[in-house]
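Structure first, then comments.
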Amino acid sequence: MTASSTQPWFRELNRTQWNTLLASNLGWMFDGFEAYALILTVGVALHQLLPPAQYSQIPAYAGAIIATTLCGWAVGGMVAGILADYIGRKRTMIFAILTYSIMTGLSAFSWDWISFAVFRFLAGLAIGSEWVTGTSMTAEFWPDRARGRGSGLFQSGFGIGFFLASVTWLFVGAMGPGAWRTMYLIGVLPALLTFWIRRTIPESTLWEKANERRSAAIARERLGHGSTAEDRALTRFTLLDLFTTPAIRNRTIIAFLMATTSAVGFWGISTWVPPYIGSVAARAGLSAPRWASFTGMAYNAGSIAGYVGLGFLADAFGRKPVTLAFFAFSLLFTPVLFLWTHDLRLLLIIASIVGLFGSGQITWMSVWLPELYPTRMRATGVGFIFNAPRLIAAGGTLMAGRLIVKFGGYENAAMIVATIYLLGLAVGPFLPETRGKPLPETI
């Protein structure tokens, strides 16, 4: 046993590794704030942006706007993954945070639901971008035996952002009909973070070495020198590289199906938890916005515990068993929340448990995906897997909104969407276990 393995994991980390985690966490936290601000405010915003005759269709319009945001998220994340493999993790992260801040601020000036949807799409481009760079940098800077913990701590930023949005809305929401605009103006603040990132965070050494090998391979190709299999891999377009070799192609397909499970489950079910409990409160003669805020805080407290907990558990027991357990409990607690619980205070407790598993499960992608791909294509791989399923999730969210209108409530819609967890449970066992292994350079 080495000396490093006998000391606490956190003593292995240097200041650069902690700073990288902090930068990634803060960027993802602000993205979480903005994403949950949309969930909390979309109904209020649509009451201003739609004519009164359309108010009965607000759930459908809300589903369409969230779906539009997810489409932007998907496109932006996939493009950012490719950029991060070619121009660097740090540079792509800075660009993503600046874009997010600008587009979120512009959302405050929407004049109808279409302009609001367009600004949400553009903000979504940046949200997906930031996750890719944060995940890649955390994985590449942190040591092997603590990588899951680092990824869990990084992913928790999204839940912290959700929680801060809930607390902020509790106060801002009382400012009147235009309060939703204030929430988006607050979202401009992350731009300040880019100045600190530029001065404090270095570029990933693993990426720099892979980029040097890629440049050398390209130079040899241009000179007409004979290329090796490694040279062909280095010069191949990274997105095509995901589907070229059988080993990487199989991992990509399985991980894509698992990511689809997480994306549809989260956006098609969890998004509707605050408005659902708010509707229960309204039927009891209580303030729906106030109880929606309480729900958001309870749900996201559970989410933060889930984000961090999955990372720590994955380092202790393995990526595969922990991820599958989170899928199973997400499926189990959906009917507990939407069908079997009616007391408001108990609903808050169940909401936190749904947050722990239904939202916390997303950490498996931060933990597991970077360990499945070599450095030359790591950001492209995690970007594609994390973001492409958002296109399917967008359809799930749109469908959920229409199901809510059709059934006149959230319960049946949630149960229909929850069947997606069976997909993750079916394919998850076929992905290789990677706990404690170094990040791959070749496969």
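The values are calculated or read from the model by the stated rules, or taken from the named source; none is laboratory data. Computed from a predicted model, the values in this text were never measured in an experiment. Note that each Cβ is placed from the backbone with ideal geometry, even for glycine, and that neighbours are counted across all protein chains shown.
Observations, loosely collected:
- Given (1) over 19 Å from ALA393 (Cα atoms); (2) modelled with pLDDT of 90 or more; (3) not small (Gly, Ala, Ser), index of the condition THR235 fails: (2)
- For ILE58, the requirement of being over 26 Å from LEU192 (Cα atoms) and in contact with a His (Cβ under 8 Å, 6 or more places away or on another chain) is met.
- TRP340 passes every criterion in (1) farther than 19 Å from LEU425 by Cα; (2) among the aromatic types (Phe, Trp, Tyr); (3) crowded, with 21+ Cβ neighbours inside 10 Å apart from (3).
- Verdict on ALA84 being under 30 Å from GLY178 (Cα atoms) and small (Gly, Ala, Ser): no
- Any hit, segment 89-104, residues being small (Gly, Ala, Ser), touching a Gly at 6+ places or on another chain (Cβ under 8 Å), in contact (Cβ under 8 Å) with a residue 40 or more places away in the chain and crowded, with 20+ Cβ neighbours inside 10 Å: yes
- Yes/no for SER156 being under 30 Å from TYR299 (Cα atoms), in contact with a Ser or Thr (Cβ under 6 Å, 6 or more places away or on another chain), among the polar types (S, T, N, Q) and crowded, with 18+ Cβ neighbours inside 10 Å: no
- Close pairs from segment 60-72: first over 14 Å from ALA123 (Cβ atoms), partner at pLDDT 80 or above and of a type in the set (Val, Ile, Thr), Cβ under 6 Å, at least 6 apart: ALA62/VAL42
- Among residues of segment 308-327 that are under 22 Å from PHE430 (Cβ atoms), those with a Cβ under 8 angstrom from a residue that is surrounded by fewer than 18 Cβ atoms within 10 Å (Cβ to Cβ) and among the charged types (D, E, K, R), sequence gap 6+ or separate chain, pair up as ASP315/ARG145; GLY318/GLU433; ARG319/GLU433; LYS320/GLU433.
- Checking segment 369-386 against the condition returns no match, with no residue being basic (Lys, Arg) and over 26 Å from ALA210 (Cα atoms).
- Filter result for GLY311 (buried (at least 20 other Cβ atoms within 10 Å of the Cβ), out of contact with any Pro (no Cβ under 6 Å at 6 or more places or on another chain) and under 15 Å from TYR410 (Cβ atoms)): no
- THR92 being modelled with pLDDT of 90 or more and either of a type in the set (Ser, Thr, Tyr) or not in a helix (DSSP H, G or I) (or both): yes
- Odd one out for ALA282, checked against (1) crowded, with 23+ Cβ neighbours inside 10 Å; (2) free of Cβ contacts under 8 Å to residues at least 60 places away in the same chain; (3) more than 16 Å from ILE350 (Cα to Cα): (1)
- Qualifying positions in segment 27-48 - in contact with a Leu (Cβ under 6 Å, 6 or more places away or on another chain) and either over 17 Å from THR168 (Cα atoms) or not in a helix (DSSP H, G or I) (or both): none
- Selection from segment 5-28 of residues that are aliphatic (A, V, I, L, M) and crowded, with 22+ Cβ neighbours inside 10 Å: LEU21, ALA23
- Sole exception among (1) hydrophobic (A, V, I, L, M, F, W, C); (2) exposed (fewer than 13 other Cβ atoms within 10 Å of the Cβ); (3) in contact (Cβ under 8 Å) with a residue 60 or more places away in the chain for TRP196, by number: (2)
- Verdict on LEU391 being of a type outside the set (S, T, N, Q), over 22 Å from TRP73 (Cβ atoms), at pLDDT below 95 and surrounded by fewer than 24 Cβ atoms within 10 Å (Cβ to Cβ): no
- Within the span defined as segment 53-65, every residue fails to be part of a helix (DSSP H, G or I), crowded, with 18+ Cβ neighbours inside 10 Å and of a type in the set (S, T, N, Q).
- Scanning segment 220-258 for residues that are part of a helix (DSSP H, G or I), in contact (Cβ under 8 Å) with a residue 60 or more places away in the chain and in contact with a Lys or Arg (Cβ under 9 Å, 6 or more places away or on another chain) yields GLU230, ALA233, LEU234, THR238, ASP241.
- Search result, residues across segment 169-209 that are in a loop (DSSP other than H, G, I, E, B), among the hydrophobic types (A, V, I, L, M, F, W, C) and either within 13 Å of PHE30 (Cβ to Cβ) or at pLDDT below 80 (or both): VAL188
- Evaluation of LEU348 against the conditions (1) surrounded by 24 or more Cβ atoms within 10 Å (Cβ to Cβ); (2) closer than 16 Å to SER279 by Cβ; (3) not basic (Lys, Arg) shows that the sole unmet condition is (1).
- The set of residues in segment 105-136 being buried (at least 24 other Cβ atoms within 10 Å of the Cβ) and among the polar types (S, T, N, Q) consists of SER107, SER129, THR133, THR135, SER136.
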